[in-house]
1. Any idea which residue in the stretch 182-216 is surrounded by the most Cβ atoms within 10 Å (Cβ to Cβ), counting only those that are within 16 Å of the ligand (Cβ to nearest atom) and farther than 26 Å from residue 484 by Cα?
2. Looking for something under 11 Å from residue 9 (Cβ atoms), away from the ligand (no atom under 16 Å from the Cβ), in contact (Cβ under 8 Å) with a residue 24 or more places away in the chain and assigned by TED's automatic domain parsing to the domain that holds residue 61 - is there at least one such residue anywhere in the stretch 470-480?
3. Considering only residues of the stretch 116-135 that are in contact with a helix residue (DSSP H, G or I) (Cβ under 6 Å, 6 or more places away or on another chain) and part of a loop (DSSP other than H, G, I, E, B), which is nearest to the ligand (Cβ to nearest atom)?
4. Could you list, in sequence order, all residues of the stretch 398-429 that are buried (at least 16 other Cβ atoms within 10 Å of the Cβ), assigned to a loop (DSSP other than H, G, I, E, B) and modelled with pLDDT of 95 or more?
5. Could you tell me whether any residue of the stretch 145-160 is within 16 Å of the ligand (Cβ to nearest atom) and buried (at least 18 other Cβ atoms within 10 Å of the Cβ)?
6. Is it true that some residue in the stretch 230-243 is buried (at least 18 other Cβ atoms within 10 Å of the Cβ), closer than 24 Å to residue 424 by Cβ and away from the ligand (no atom under 16 Å from the Cβ)?
7. Suppose we filter the stretch 450-469 for residues that are within 13 Å of the ligand (Cβ to nearest atom) and touching a strand residue (DSSP E or B) at 6+ places or on another chain (Cβ under 6 Å); how many remain?
8. Would you confirm, using the coordinates I've provided, whether residue 179 is within 16 Å of the ligand (Cβ to nearest atom), farther than 23 Å from residue 199 by Cα and not in a loop (DSSP other than H, G, I, E, B)?
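The values are calculated or read from the model by the stated rules, or taken from the named source; none is laboratory data. It should be emphasised that the depicted structure is a prediction, and the values quoted were computed from it without experimental measurement. We place every Cβ from the backbone using ideal geometry, glycine too, and count neighbours over all the protein chains shown.
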Ligand SMILES: [Zn+2]
């Protein structure tokens with residue numbers, strides 16, 4: 001195996017496709033526009049619809065979610081009957097670039113989400129947890145590089161995520177630090193490129209993801225209490241960060257060696273946060289409000305088991321949160337009478353069936369009973385309508401069994417239903433009519449429990465010298481993108497036919 005020249009892949013994490021196209025038309029992103037002119041723009045889709053929280057893990061593995069099981073940061077572990085933090089000790093996390101490292105190609109991996117420390121024998125540059133959106137320990141290889149990076153560029157400036165109710169001061173600080181973080185990581189990348197001359201640099205910029213979640217718009221704070229200048233600053237925060245990400249791409253491109261292959265990509269996007277995940281257990285339940293007002297204990301039980309609380313445990317110290325989540329999730333239902341339950345999720349709703357033979361105390365039989373229950377729940381969810389508009393709030397309910405092969409090694413860890421919401425927000429609504437006619441009501445302006453005004457859209461994109469194979473029947477996914485990176489590092493190939501051999505096979509024969 002030999003390298004075919006330098007390849008540089010820049011992930012603009014969760015930089016939205018709709019916003020990208022708009023800004024390209026307006027001429028706001030000159031560096032991404034240059035890449036789009038020379039190499040085209042290709043739309044990317046998740047490898048399994050509705051499970052787009054897994055796109056980075058599918059990309060890193062170079063395999064679809066049924067082959068790695070890592071659909072969210074907290075994964076239901078049926079052999080233990082509880083939620084656990086996703087971990088490579090029991091899920092698959094084998095980076096697609098490992099054959100390149102094994103063959104002696106020099107890699108620079110910078111803040112690629114969810115990638116673990118490759119260890120002291122790694123002969124390249126690894127930087128993790130510097131400015132990624134997702135929580136990740138700060139890890140650097142070679143370890144001595146951390147001191148040099150800090151001396152040259154200062155400590156990482158990206159702040160940790162503040163999950164929950166937001167204040168305008170915090171959002172202004174996020175705006176300022178996100179811009180500084182983009183400038184800092186661009187300087188770090190330029191320096192590493194010039195010093196290390198890697199065969200492959202894979203870099204992810206975390207600021208578009210973080211700012212997309214919290215500064216998509218100002219729906220999560222009280223605008224009436226802000227000065228006009230503060231509103232103007234916060235309203236343009238996303239524009240500023242997208243423009244700064246474009247400048248970072250331009251600087252990295254300028255530092256690339258002559259003839260380098262260069263592409264930028266996002267695996268998923270961002271849009272307004274509908275906020276309906278907070279209500280998923282209620283929507284599945286379908287019961288009128290009065291029948292739910294039971295004892296204090298029952299209400300506390302209901303709160304504990306909610307995806308909201310399981311999600312918000314990220315506010316606690318990690319060790320405490322992990323223990324509490326394990327205990328809560330194992331006891332969050334009366335299993336002898338529970339046929340289905342909602343799972344915590346960042347985006348979209350996830351539902352699991354208490355399936356006999358898969359769960360420790362499963363009561364739903366596989367086959368017709370399972371299929372009927374999935375269909376019944378999907379019908380219940382798609383029947384939910386907004387009280388004012390009469391429009392459904394669910395865009396689609398995906399049946400995971402129809403999208404993931406039954407013999408996929410990690411199918412037992414995946415949810416059974418993946419719900420995609422329409423973009424109407426909970427805060428623009430005053431209530432819902434559930435299946436069966438019961439109603440839920442609240443005052444207009446209701447905020448999300450996460451404090452996030454933005455949430456993920458499922459589609460991503462790639463621009464530049466990518467050569468991503470485009471299957472005939474769908475948009476390519478991050479799995480195809482990973483294969484294209486492997487191909488590009490070994491030798492350049494023309495765009496390939498949709499059906500291709502696994503990447504490992506192609507590497508051996510290349
Ligand atoms: Zn996110």
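1. Within the stretch 182-216, the subset within 16 Å of the ligand (Cβ to nearest atom) is 204-216.
Filter again for farther than 26 Å from residue 484 by Cα, leaving 210-216.
On the way: 210: 26, 211: 30, 212: 28, 213: 24, 214: 25, 215: 26, 216: 21.
Ranking the candidates gives 211 first.
2. There is no residue in the stretch 470-480 that is under 11 Å from residue 9 (Cβ atoms), away from the ligand (no atom under 16 Å from the Cβ), in contact (Cβ under 8 Å) with a residue 24 or more places away in the chain and assigned by TED's automatic domain parsing to the domain that holds residue 61.
3. Applying the first criterion (in contact with a helix residue (DSSP H, G or I) (Cβ under 6 Å, 6 or more places away or on another chain)) to the stretch 116-135 yields 125, 131, 133.
Of the ones still in play, those that are also part of a loop (DSSP other than H, G, I, E, B) are 131, 133.
Numbers: 131: 15, 133: 6 Å.
In this case the residue turns out to be 133.
4. Within the stretch 398-429, 404, 408, 410, 414, 415, 416, 429 meet the criteria.
5. Going through the stretch 145-160, the residues within 16 Å of the ligand (Cβ to nearest atom) turn out to be 158-160.
Keeping just the survivors that are buried (at least 18 other Cβ atoms within 10 Å of the Cβ) gives 158.
Scanning the stretch 145-160, I find at least one residue that is within 16 Å of the ligand (Cβ to nearest atom) and buried (at least 18 other Cβ atoms within 10 Å of the Cβ), so the answer is yes.
6. Yes: the stretch 230-243 contains one or more residues that are buried (at least 18 other Cβ atoms within 10 Å of the Cβ), closer than 24 Å to residue 424 by Cβ and away from the ligand (no atom under 16 Å from the Cβ).
7. Of the residues in that region, 2 qualify.
8. Working: within 16 Å of the ligand (Cβ to nearest atom): no; farther than 23 Å from residue 199 by Cα: yes; not in a loop (DSSP other than H, G, I, E, B): yes.
Judged against the criteria, residue 179 is not a match.
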